[in-house]
Every structure is written in structure tokens, then in C-alpha cells.
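K.L.:
Once you've had a glance at the structure underneath, I'll fire off some questions.
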Amino acid sequence: MSNDPLDVFNNLDSKIGRHMKEEKDFPGNTAPRNRGVVTPIRIEHDWLKQLRSSEYQVNGVTKRFYTVGELGRALKRKAVTIRSWEAKGWLPPAMFRTPPPQGEQLPGKAVKGRRLYSEAQVVFLFEAAVRFSIDDVHSPDWEGFRQHISDKYPRH
């Protein structure tokens, strides 16, 4: 083992994952003023890769969507719970749906298609559930969770 103090920092730097580091292409804390608009770095969520998704065209742009069941998996809830939250008004209604199946499925029942949630909506709901401790049996902040969703839910 060497006695160089920088070896300690180099070892720490190699142990920190890429997601923990800031990926800047300039020195210091202030971005260059003459650069113009800098696109934000997209944060990858590893848990999202475990969910099944589908891609659909929305206004000519391909977007990734998740079903109500996959949203439930992300929030550690059943799909029926997510539908219940939507019915109670805790979650806004799903803004996207799959095309409805052809023909009558159940007599007297209108078929709308499956609920779809955008990737931004799934990430938002997951982060809100973590932030307001929804999984904590002893102290979940349901009022804060519902208020946060009603104020800042992504509408795309």
C-alpha cells in the first residue's frame, strides 16, 4: 500500500458510480455564458428498466409508456389500487390509452382501452411516493402526497 494521500481520493472516486458524479464539460461551478441553452443531463433510473413498457407515437414523437399494472409494480401496489386512487381523485385520470379493441367486449360496457402513463409520470409518482414515505406504515404523509400530485403532476 502506498503512502500517497491522493490514492485515498482516487479509490473513493472509482467506488462512486457514474450516476453520482456530475458530468460537466467545464471547470468550476459556473457554466460558460456564451454557450446558449444547455440540455439537461437525463438521469437514468435503473428500476425503470425492470418495468415493461411500450412505445407509441404522440404528435409524431415516439414516447415510452407504462400500463397501470407496471405503475403499480413501481409503487409496490396492485393495479386495482392505482385505479382506486384515480377514482378517488388522488391521481389525475390517465391521459393516454391504448386503442380500444374492436367489437363489444362486455355487453353494455363501453371499452376505452388500457390506461397508459408516460415515463415522466411514472418517475414523478415513484419519486413522490418515496418523498412522502407512502410505504412507511407508521408515518406516511398522504395529504402531502396528494397535494404534491395535484400541484406538480406532469401533464404529458
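K.L.:
Through the Karplus equation 6.51 cos²θ - 1.76 cosθ + 1.60, θ set to phi - 60°, convert the phi angles of region 90-98 into ³J(HN,Hα) values in whole Hz; use x for Gly and Pro.
P.N.:
Once θ is set to phi - 60°, the couplings for region 90-98 become 6, 10, x, x, 4, 7, 10, 9, 5 Hz.
K.L.:
Please tell me which of these pairs span more than 23 angstrom C-alpha to C-alpha: K49/K76; K76/K109; K88/K109; K49/K88; K78/K112; K88/K152?
P.N.:
The answer is K76/K109; K49/K88.
K.L.:
Turning to a different aspect of this structure: Let me know the shape class of region 42-98, please: from the alpha-carbon gyration tensor, a ≥ b ≥ c as square roots of the eigenvalues, rounded when a/c is under 1.5, otherwise prolate if a/b is greater than b/c, or oblate.
P.N.:
The shape class here is oblate.
K.L.:
Please say if region 71-141 is rounded, prolate or oblate, where rounded means a/c under 1.5 for a ≥ b ≥ c the square roots of the C-alpha gyration tensor eigenvalues, and otherwise the choice is prolate for a/b larger than b/c and oblate otherwise?
P.N.:
prolate
K.L.:
Ok, one more. All other residues with a Cβ under 12 Å from the Cβ of Q57 taken together, and with Lys, Arg as +1 and Asp, Glu as -1, what is their net charge?
P.N.:
Counting the neighbours of Q57, the net charge comes to +1.
K.L.:
I would also like to ask the following. So how do V61, V123, V111 line up by other beta-carbon neighbours within 10 Å, fewest first?
P.N.:
V61, V111, V123
K.L.:
What full-extension length gain, to one decimal in nm, is calculated for A110 and E55 as 0.36 nm per residue of separation minus the Cα-Cα distance?
P.N.:
Difference between extended and current length: 17.3 nm.
Each value in this text was obtained by applying a stated rule to the coordinates, not by laboratory testing. Here the structure is a predicted model, which means the values were calculated and not measured. Note that we place each Cβ from the backbone using ideal geometry, even for glycine, and neighbour counts take in every protein chain shown.
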